[in-house]
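Heads up: the structure comes next, in C-alpha cells.
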Amino acid sequence: MVERVEAVRFESGKLVLLDQTLLPSEKVFLHLDDVTAVWEAIKMLRVRGAPAIGGAAAYGLCLGVAAVSDDAGTAAFMAKLREVRDYLASSRPTAVNLFWALDRLVGVAEADSAGDVAALKARLLEEAHAIKAEDEAMCRAIGEHALTLFDDVESVLTHCNAGSLATMGIGTALAPVYLAAEQGRTIHVFSDETRPLLQGARITTWELGQAGLPVTLIADGMAASVMRQGRIQAVIVGTDRVAANGDVANKIGTYGVAIMAKEHGIPFYVAAPSSTIDFGTPDGDAIEIELRDPDELRRLGERQTAPAGVDVYNPAFDVTPARLVSAIVTEKGVVRPPFEANLRKVVLGA
Ligand code: MRU
C-alpha cells in the first residue's frame, strides 16, 4: 500500500485536519473541537475537496451538538442539530458532498429520535465514521474502474487536487495512479498548477511526492501545448457535483481543459463517488458556483499582483457540459453517455 497523509480524522473527541493552506511549506494538523473552527476550516480551504469537506462537516456536526446536555430532551437536541446543520451548510455552496453528509446525519437522527440524547450523539458519530470508511472504499473502487480505461495510458493530466488530500481515501482522480503504483506500474501525472489557489502546484505535487510517485507541474496555460506534443493520453479530474444530465462542476479551469482535450482527441474522464452525483440538480445551470474573495486574484500571499482596487471576477468552479465528458467513473462502474439514463442505471440501479 502507498503511504498517504490523512486529510481528515477524528481522534480523542477532536476533528484532526491537515491545514492544506500551509502546504507545501508546512505540515500542520489542526485539532478542532469547536464547530465555528470547522466552519472556518471549510470556508478557508484548510480542508477542501468535495469528499473531505463532507467528512469534515459530518464530524463538525457531531462537535456542534456535543455540548447539548444529555437531559435536554430529544426535541431540543433535534432543534440544535438542524441549526448546526444549516450553519455548516453555509460554509461553501458548490460541493454537494457537504449537504449530502450533513443531511445523512440529520436523517439518521430523525429516524432514531425516539432514543435519548446520549444515544443520538453516539449514533451520529458512528454515522460520521461510516461516511469516512465508505469514502475510503469508494476511492479504491473508483481507482479499479478507472484503471480499466488506462491500459495504454502512460501519462494523465489532472486539474486541481482530487487525490488523497481531497478525500478520506486514495482520492478519486488520482486513485488509479495509486492503484497502478501498488501493482508496480507507473502512471505519470501532469498537474496543472490550478490558478488562483494553486491546488495542483501546492497539493497534488506534494501528495504525489510524499507517496514517491512521479509528477510534472505545468502552468495552466501550458496544458494545450503539452497535449499537442502527445505527452498525455488521458485527462482525469474530480468533481464537486455532477448534475443528473452529466454536467460536471469542478475547479475553475476544468471546462477549458475539457475543450482542449476534445481538440486533441484525448479522452476526458471524471472520477465521481456517488456522494457527488446530485440527481436533484437537473443540469449544470442549476449548480450554485461559489464566488470567492477578489484578493485571491489580486494578491499572491503577501505580494500585491494586481492593483488593489481592480475589478475581479473569481468563481471557484466551472461547469463542463456533459457532451465533453468521455466517461464518469463511479465506485459502481464506468458510466458512458448518454449520462441522463446511464448515471441512473449504474448508480441507482434504476
Ligand atoms: O476549492 P477546492 O480545492 O475544494 O476544489 C476542489 C476540487 O475542485 C476537486 O477537484 C473536487 O472537489 C473533487 S475532490 C475528489
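Ranking of Met78, Met260 by solvent-accessible surface, largest first: Met260, Met78 (1.4 Å probe, protein heavy atoms only, all chains present). Got a sec? Which residues in region 164-205 would a label at Val310 touch, if it sits 7 Å along Cα→Cβ and we count backbone N under 20 Å? Output list for this probe position: 193-199. Computed with a 1.4 Å probe over protein heavy atoms only, the accessible area of Thr148 comes to about 90 Å².
Multiply the residue separation of Ser113 and Ala341 by 0.36 nm, subtract the distance between their alpha-carbon atoms, and state the gained length in nm to one decimal.
Numbers: separation 228, 0.36 × 228 = 82.08 nm, distance 3.65 nm.
Contour length minus the Cα-Cα distance gives 78.4 nm.
Only Cα pairs under 8 Å and 6+ residues apart enter the sum, and on that basis the relative contact order of region 8-139 stands at 23 percent. As I understand it, the value is the acute angle between the Cα axis of helix 96-111 and the longest principal axis of the Cα atoms of the chain; what does it come to in degrees, rounded to 10? Around 30 degrees separate the two axes. Shape analysis of region 67-186 places it in the prolate category; the axes a ≥ b ≥ c from the Cα gyration tensor give an a/c of at least 1.5, with a/b above b/c. Modelled this way, with points 7 Å down the Cα-to-C-beta line, the labels at Ser90 and Glu6 are 3.1 nm from one another.
Among the aspartates and glutamates, select those whose C-alpha is under 14 Å from the C-alpha of Lys27, and discard any that sit fewer than 8 residues away in the same chain. Hits, sequence-local ones excluded: Glu6, Asp19, Glu207. Measure nothing fancy, just the Cα-based angle from helix 74-89's long axis to the longest principal axis of the chain, in degrees from 0 to 90, nearest 10. For helix 74-89, the angle is close to 20 degrees.
Extending 7 Å from the Cα toward the beta-carbon at both Lys80 and Thr148 defines two label points whose distance is 4.7 nm. Using θ = phi - 60° in the Karplus curve 6.51 cos²θ - 1.76 cosθ + 1.60, the 3J(HN,Hα) couplings for region 134-151 round to 5, 5, 4, 5, 4, 4, 5, 5, 4, x, 5, 5, 5, 4, 5, 8, 10, 3 Hz; x is entered for Gly and Pro. These residues, Thr167, Thr305, go from largest to smallest accessible area, 1.4 Å probe, as Thr305, Thr167.
Of interest is the spacing of the C-alpha centroids, which for region 314-337 and region 264-308 amounts to 13 Å.
Kindly provide the helix-only [θ] at 222 nm of the chain, computed as the sum of -39,500 (n - 2.57) over DSSP H runs of four or more divided by all residues, to the nearest 500 deg cm²/dmol?
Using -39500 (n - 2.57) per qualifying helix, the result is -11000 deg cm²/dmol.
For Thr216, the amide hydrogen comes within under 5 Å of the amide hydrogens of Val189, Phe190, Ser191, counting only partners 5 or more places away or on other chains and with H modelled in the peptide plane.
Principal semi-axes of the equivalent ellipsoid, √(5λ) from the alpha carbon gyration tensor of region 143-348, are 26, 22, 15 Å from largest down.
Under the simplified labelling scheme, the Arg140-His31 pair shows an inter-label distance of 3.0 nm, with each label point 7 Å from Cα along Cα→Cβ.
The calculated FRET efficiency for Thr186 paired with Arg231, based on their beta-carbon distance and R0 = 22 Å, is about 0.95. Normalise the Debye intensity by I(0) for the chain, one equal point scatterer per Cα, no solvent, then take log10 at q = 0.13 Å⁻¹ and round to two decimals. Per q value, in the given order, log10 I(q)/I(0) is -0.97.
Listed highest first by mean packing, meaning other Cβ atoms within 10 Å per residue, what order do 116-128, 39-51 come in?
The packing order, highest mean first, is 39-51, 116-128.
Specify whether the C-alpha gyration tensor of region 136-228 places it in the rounded, prolate or oblate class, a ≥ b ≥ c being the square roots of the eigenvalues: rounded for a/c under 1.5, otherwise prolate if a/b is larger than b/c and oblate if not. Because a/c hits 1.5 or more and a/b fails to exceed b/c, region 136-228 counts as oblate.
How much length is gained if the chain between Met44 and Ala66 is pulled fully straight, taking 0.36 nm per residue apart and subtracting their Cα-Cα distance, in nm to one decimal? Each step should come with its number before you reach the end.
Details: separation 22, 0.36 × 22 = 7.92 nm, distance 2.35 nm.
5.6 nm is the gain from fully extending Met44 to Ala66.
Find the centroid of the Cα atoms in region 212-255 and in region 71-111, then give the distance between the two in whole Å. Result: 33 Å between the Cα centres. Axis of helix 254-263 versus longest Cα principal axis of the chain: the two differ by about 30°, to the nearest ten degrees.
Please report, in cubic angstrom per residue, the volume enclosed by the convex hull of the alpha-carbon atoms of region 8-139.
96 Å³
The values are calculated or read from the model by the stated rules, or taken from the named source; none is laboratory data. As the structure is a computational prediction, the values presented were derived from the model and not from experiment. Here the Cβ is made from the backbone with ideal geometry for all residues, glycine too, and neighbour counts use every protein chain on show. Ligands, DNA and RNA are stripped out before the accessible areas are found, and what is left, the full protein with its side chains, is counted by its heavy atoms. Shrake-Rupley method; radii C 1.70, N 1.55, O 1.52, S 1.80 Å.
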